[in-house]
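> Questions regarding the structure given below will be posed in turn.
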Amino acid sequence: MPKAIIIGATSGIGEALAKKMAQEGYELGLTGRRVEKLAVLQKALSTSVHIQKMDVTLFDEARQQLLDLIQKMDGVDVVVVNAGIGWVTTKWENEQAIINTNVTGFVAIANAAFHYFKTQPKGKGHIVGISSVAAVRGGGQIPSYHASKAFISSYMEGLRYKALKKGWDIAITDIRPGFVETPMTEQNDVMFWVATVDKAAQQILNATKRKSKTAYITKRWRLAAWLMRILPDAVYSKM
Ligand SMILES: NC(=O)c1ccc[n+]([C@@H]2O[C@H](COP(=O)([O-])OP(=O)(O)OC[C@H]3O[C@@H](n4cnc5c(N)ncnc54)[C@H](OP(=O)(O)O)[C@@H]3O)[C@@H](O)[C@H]2O)c1
């Protein structure tokens, strides 16, 4: 039975992915700050579920909690780094929180998972990181969010090359959702091609099982990403 840990499983994409993985028989380790939500999920799922309160911005504590959780589960096959935040603002307090969570918090966990996997007998494991279509270009609505996702997509690409060079069997999957109906997007007034969280979670699980390098969620967002890259400044800057 495969074992997966989801960092940020208390709502939205993480919670929906936990439900999908439970249906497929994964043993799960679920984390988040709102531990009461994890307890509800633990009761509702028909698989073995371990829960751990975790704030990824308490970097060293979170890294130790991940290792303790892996030990409690007697190993893990997949670590999904999903925790993330975003607000449409450039207030410093908000930008700092975005960087702490989406960048440093992400790396704190992905780095701990990477080092854990490389010390396994066959250097084997899988890290799935939830980035965003926002990774492909700067965004005038929410600059730090786009930048944070560009950072983690680039970081994941680097981890993949590092594992390849060293001969470690560590797969890295960069998940890039477009718009998904979750508490994070509740306040957004302009959205299109919006996926239900259930559909998004199913496609993320499929990409995880295939060990895809990069997956756009939903698939048509690959086209939007391509357009975002090639549009001239004069057009893109007005969007
Ligand atoms: N929804 C979209 O349209 C969309 C599009 C592209 C990418 N994404 C990405 O998808 C991921 C999930 O977002 P979502 O839409 O599902 O939003 P969400 O419902 O708000 O879920 C965010 C999750 O991250 C966790 N989290 C936030 N800050 C954390 C912290 N400091 N420590 C630990 N966990 C933390 C939350 O748990 P607690 O609050 O309980 O800690 C929650 O489980 C994010 O990385 C987001 O950037 C979403």
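The values are calculated or read from the model by the stated rules, or taken from the named source; none is laboratory data. Being a predicted model, the structure only gives us computed values, none of them experimental. Heads up, the Cβs are rebuilt from the backbone with ideal geometry, glycines too, and the neighbour counts pull from every protein chain shown. Quick note on the areas: whole protein, heavy atoms, side chains included, nothing else; ligands and nucleic acids left out. Shrake-Rupley method; radii C 1.70, N 1.55, O 1.52, S 1.80 Å.
> Bin width 10 Å, origin at 0, all Cα-Cα pairs of the chain: what percent of pairs per bin?
Whole-percent P(r) values from 0 Å outward: 8, 33, 39, 17, 3, 0.
> Using amide H atoms built in the peptide plane, which far-off residues or other-chain residues are under 5 Å from Y216 H to H?
Counting only residues 5 or more places away or on other chains, the set is R176.
> Also, I was wondering about something else. Amide H of V128: which non-local residues (sequence gap of 5 or more, or other chain) have their own amide H closer than 5 Å, using H built in the peptide plane?
V79, V80, V81, T173
> Please state the charge dipole magnitude for segment 3-236, taken about the Cα centre, from unit charges on C-beta atoms (+1 on K and R, -1 on D and E), reported in debye and rounded to the nearest 20.
900
> Please state the relative contact order of the chain as a whole percent: Cα pairs under 8 Å, 6+ residues apart? If you can, show how the numbers build up before the last one.
On the way: 435 pairs, mean separation 43.3, N = 239.
Normalised by residue count, the contact order of the chain is 18 percent.
> What angle, in degrees between 0 and 90 and rounded to the nearest 10, separates the Cα long axis of helix 59-72 from the longest principal axis of the Cα atoms of the chain?
For 59-72 against the chain, the angle is about 40 degrees.
> Which of the listed residues, A147, T185, L164, is farthest toward the dipole's positive end in segment 109-193, when Lys, Arg count +1 and Asp, Glu count -1 at the beta-carbon?
So the residue we want is L164.
> Tell me the per residue accessible area of the chain using a 1.4 Å probe; a whole number in Å² is fine. Kindly include the intermediate steps, with their values, before the conclusion.
Details: 11960 Å² over 239 residues.
For the chain, the per-residue accessible area is 50 Å².
> Relative to the longest principal axis of the chain, what angle (0 to 90°, nearest 10) does the C-alpha long axis of helix 12-23 take?
40
> Using a 1.4 Å probe on the protein heavy atoms, what percent of the accessible area of the chain belongs to carbon and sulfur?
Carbon-and-sulfur percentage of accessible area, whole number: 54.
> Roughly how tilted is helix 197-210, in degrees to the nearest 10 and between 0 and 90, from the longest Cα axis of the chain?
Tilt of helix 197-210: around 60 degrees.
> Taking the alpha-carbon centroid of each part, what is the distance from segment 179-203 to segment 1-62 in angstrom?
Their Cα centres are 20 Å away from one another.
> Further question: Once the dipole of segment 3-236 is set up with Lys and Arg at +1 and Asp and Glu at -1 on Cβ about the Cα centre, which of T10, V81, G32 lies farthest towards its positive end?
Looking along the dipole axis, the top candidate is V81.
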